[in-house]
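What follows is a single structure, written as structure tokens, with notes after it.
Only the coordinates and a few stated rules stand behind these numbers; no lab work does. All values derive from a computational prediction rather than experimental measurement. Positions of Cβ are generated from backbone atoms using ideal geometry, with glycine treated the same way; all protein chains shown enter the neighbour counts.
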């Protein structure tokens, strides 16, 4: 009987110890009202923040969960972002993050037990997308001589805004920072320029012969407008390509193309968000 009581006491102590350990949760930082831990949901746990000074207004507030509650903050580069405790909301301590200047900093949140979590903060001047030219080619429609695309390329040599080493930078308007609808277009013809040629880009909708509507890019520079059909494809999480196709029929010499034949220029780019 005594041994049975001892076994019961041991099991009780084990469950009690386990319960005490579960009371201490590892620290996390989260966005929103409260942390979301459930598997299969869109988590709001975060360990990094990215800011763009051209878009950011006000502060970003994160919550802290876990630890023993006696938190302290350490900011490696206070000139990049200010970080401070703010009032508790819904029972969770909050910290306020406000970007100050372009750069990077790491904020460490520690508790009284010595456990800590790190928040990586990156601040950039603006959001931009770089389109680096990979290749280009001319094509023609219909049953035409094989040498005709080469003749079109020769006739239009020097018309392209970019050489094979050049690139575009697209800077979206602040009102639509995550979209590529319209904004500033920077042109680096050879890729070696210190300062770009500056124009603009817009998205225009055209109706095709089939009655469907299609979104195209209109690039404008120095009073000239060029219209491109575009295809953006993500080959992998780190590899996105963009194809621009321009109808160049009207720019070809009138004697070069047979009646009813279309000529297009197709350019392939890598697309990277910076």
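Label-to-label distance for residue 125 and residue 147 is 5.0 nm, based on points extended 7 Å past Cα in the beta-carbon direction. Placing dummy labels 7 Å off each Cα toward the beta-carbon, the span from residue 165 to residue 53 is 3.1 nm. When only Cα pairs below 8 angstrom with a gap of at least 6 residues are kept, the chain shows a relative contact order of 14 percent.
Estimated purely from DSSP H runs of n ≥ 4, each contributing -39500 (n - 2.57), the mean residue ellipticity at 222 nm for the chain is -3500 deg cm²/dmol once divided by its residues. On the principal axes of its alpha-carbon atoms, segment 107-211 has extents of 79, 40, 26 Å, going from largest to smallest. Our summary gives segment 103-181 a relative contact order of 30 percent, counting only alpha carbon pairs under 8 angstrom and 6 or more residues apart. For segment 154-264, just say rounded, prolate or oblate: build the C-alpha gyration tensor, square-root its eigenvalues into a ≥ b ≥ c, call rounded for a/c under 1.5, and beyond that prolate if a/b exceeds b/c, oblate if not. Note, shape of segment 154-264 comes out oblate.
Calculate the translational D of the chain in whole µm² s⁻¹ from Stokes-Einstein, where the hydrodynamic radius comes from the Kirkwood formula applied to all Cα pairs, the temperature is 4 °C and the viscosity 1.567 mPa s.
54
With a Förster radius of 51 Å applied to the C-beta separation of residue 113 and residue 250, the computed FRET efficiency comes to 0.10. Taken along the Cα-to-beta-carbon direction at a fixed 7 Å, the label points for residue 72 and residue 46 span 2.6 nm. Rounded, prolate or oblate: which one fits segment 199-274, using the alpha carbon gyration tensor with axes a ≥ b ≥ c (rounded when a/c is under 1.5, else prolate when a/b beats b/c, else oblate)? It is prolate, given that a/c is not under 1.5 and a/b is the larger ratio.
By its C-alpha gyration tensor, with a ≥ b ≥ c as the square roots of the eigenvalues, how is segment 41-88 shaped: rounded for a/c under 1.5, else prolate for a/b larger than b/c, else oblate?
Cα axes put segment 41-88 in the oblate bin.
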